[in-house]
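The block underneath contains the structure these notes are about, expressed in structure tokens.
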Amino acid sequence: MSFPELISVVIPTRNRRTLLQQAVESARTQTYTNIEIIVIDEASEDDTATYLKNIDEPRLKVITHTTPQGGNIARNKGLEASSGAYVAFLDDDDVWADTKLEKQQEAFKRDSAVGIVTCSSLVVYQDLQIERYMNRGNNYLYSNEEAFTKMLTENFIGGASFPLIKRECLMEVNGFRPEVVSAQETDLYLRILANGYKVYAVEDVLILYRVHSMNRISDSFEPKVKGLEQLFEYKKDYFLTHLPVHEAKKIEQTHIVEVSKIYTRNRKYKTFFQYFNEEKQKLTSAKKIQVWRNAFVHTPPVQLFKQTVQKGKTKKLNKEWKQYMNENFKSS
């Protein structure tokens with residue numbers, strides 16, 4: 001099969017050679033073969049450089065940073081070095097299904113206004129045992145208004161590894177904003193959608209999204225809170241003033257709930273109480289209940305119970321999805 005349009009795969013990495021190998025192999029074995037793979041090595045101190053040097057892959061380009069620049073700058077460097085009509089970012093700890101790029105590129109043909117195509121996923125542990133299934137949409141075309149409104153309250157597209165994006169969409173907004181410390185993807189998607197593009201969601205599970213002990217910087221609660229605050233300020237400055245008052249209030253309340261959740265999840269209860277007391281007057285009774293329910297759920301006894309229950313769910317999910325993973329994630 002001929003694939004005339006080049007797709008650029010951009011993979012930033014630092015000190016995760018074993019995981020990187022799985023990510024790179026999942027890119028190399030794509031059924032959509034007209035790709036270039038650009039790896040940005042963020043000053044790795046392990047054997048990442050040696051691994052990349054020894055790969056026999058003519059489609060591979062390596063950019064090496066002598067000092068870590070951060071994920072946003074690394075992705076932008078990859079974008080600058082890319083030539084594809086479409087760009088797919090791949091975090092070094094995630095794994096793609098063999099047909100991911102082919103199915104997503106095909107989806108762009110449904111509507112010329114589509115700028116982003118996302119997909120469903122399996123959230124997996126480091127050993128690829130399944131934690132949960134995440135459905136991003138059942139072959140659904142979001143209008144621009146629908147996608148934009150939804151993105152103001154939740155990142156329904158997913159992390160950086162999920163979508164395939166038209167190059168022009170990324171160039172119009174100059175890629176990722178370096179100053180945004182977390183929720184970078186939501187920030188990027190909002191700016192793209194502000195230019196009028198639509199979103200298509202492929203129902204197939206096309207990514208294994210990994211959670212593990214060496215996870216992303218956004219797992220640190222302080223950068224995550226700062227990133228959410230940056231994102232909310234951006235929403236306020238550019239978008240909320242154009243929405244009906246009740247919609248703007250709903251978005252602000254969702255923001256307060258999400259920040260509260262980060263504090264309780266990380267057991268920063270004193271900070272949580274201070275934050276809640278400052279913001280509670282902005283919340284409806286239903287949202288206050290949601291905040292306290294989240295706080296209860298993240299207490300140690302409840303978490304211990306959930307972990308016990310999760311073991312049973314994980315066993316069931318792995319049984320249900322084993323054949324699918326074997327057939328569609330051959331590189332893993």
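Which count do you get for residues in region 229-268 that are among the hydrophobic types (A, V, I, L, M, F, W, C) and either farther than 30 Å from Q303 by Cα or not assigned by TED's automatic domain parsing to the domain that holds K282 (or both)?
Qualifying residue count, region 229-268: 5.
For region 21-59, enumerate the residues that are under 19 Å from the mean Cα position of the chain (by Cα) and among the polar types (S, T, N, Q).
Once the filter is applied, which keeps residues that are under 19 Å from the mean Cα position of the chain (by Cα) and among the polar types (S, T, N, Q), region 21-59 yields Q22, S26.
Looking at region 22-54 only, could you name the residues that are surrounded by fewer than 15 Cβ atoms within 10 Å (Cβ to Cβ) and either of a type outside the set (V, I, T) or without any contact (Cβ under 8 Å) to a residue 40 or more places away in the chain (or both)?
Those that are surrounded by fewer than 15 Cβ atoms within 10 Å (Cβ to Cβ) and either of a type outside the set (V, I, T) or without any contact (Cβ under 8 Å) to a residue 40 or more places away in the chain (or both): T33, A43, E45, D46, D47, T50, K53, N54.
Restricting the search to region 298-332, which residues are more than 30 Å from S26 (Cα to Cα), β-branched (V, I, T) and in a helix (DSSP H, G or I)?
V302, T308, V309
Taking region 217-233 on its own, how many of its residues are touching a residue at least 40 places away in the same chain (Cβ under 8 Å) and farther than 24 Å from N277 by Cα?
So the count comes out to 1.
Provide a single number: the residues in region 106-144 that are over 23 Å from N326 (Cα atoms) and under 14 Å from the mean Cα position of the chain (by Cα).
Count: 2.
Here is a yes/no grid of residues against (1) under 27 Å from N318 (Cα atoms); (2) in the same structural domain as V202 (by TED's automatic domain parsing); (3) among the aromatic types (F, W, Y):
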| residue | (1), (2), (3) |
| --- | --- |
| R59 | no, yes, no |
| P68 | no, yes, no |
| V87 | no, yes, no |
| L101 | yes, yes, no |
| F108 | no, yes, yes |
| D111 | no, yes, no |
| L128 | yes, yes, no |
| Y133 | yes, yes, yes |
| N144 | no, yes, no |
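Looking at this structure, is A295 part of a helix (DSSP H, G or I), surrounded by 14 or more Cβ atoms within 10 Å (Cβ to Cβ), out of contact with any Asp or Glu (no Cβ under 9 Å at 6 or more places or on another chain) and not assigned by TED's automatic domain parsing to the domain that holds Y125?
yes
Condition check: assigned to a helix (DSSP H, G or I), without any contact (Cβ under 8 Å) to a residue 24 or more places away in the chain, of a type outside the set (A, V, I, L, M) and loosely packed, with under 12 Cβ neighbours inside 10 Å. Does Q274 satisfy that?
So Q274 does not fit the description; no.
Taking region 115-144 only, how many residues are assigned to a strand (DSSP E or B) and either without any contact (Cβ under 8 Å) to a residue 12 or more places away in the chain or surrounded by fewer than 19 Cβ atoms within 10 Å (Cβ to Cβ) (or both)?
Result for region 115-144: 7.
Any chance you could count how many residues in region 1-18 are of a type in the set (A, V, I, L, M, F, W, C), surrounded by fewer than 23 Cβ atoms within 10 Å (Cβ to Cβ) and modelled with pLDDT of 95 or more?
1
Name the single residue that is farthest from the chain's Cα centre (by Cα) among those in region 145-192 being assigned to a helix (DSSP H, G or I) and among the aliphatic types (A, V, I, L, M).
M171
The values are calculated or read from the model by the stated rules, or taken from the named source; none is laboratory data. Treat the numbers as computed from the prediction; the structure is a model and nothing was measured. Every residue, glycine among them, receives a Cβ derived from its backbone with ideal geometry; neighbour counts consider all protein chains shown.
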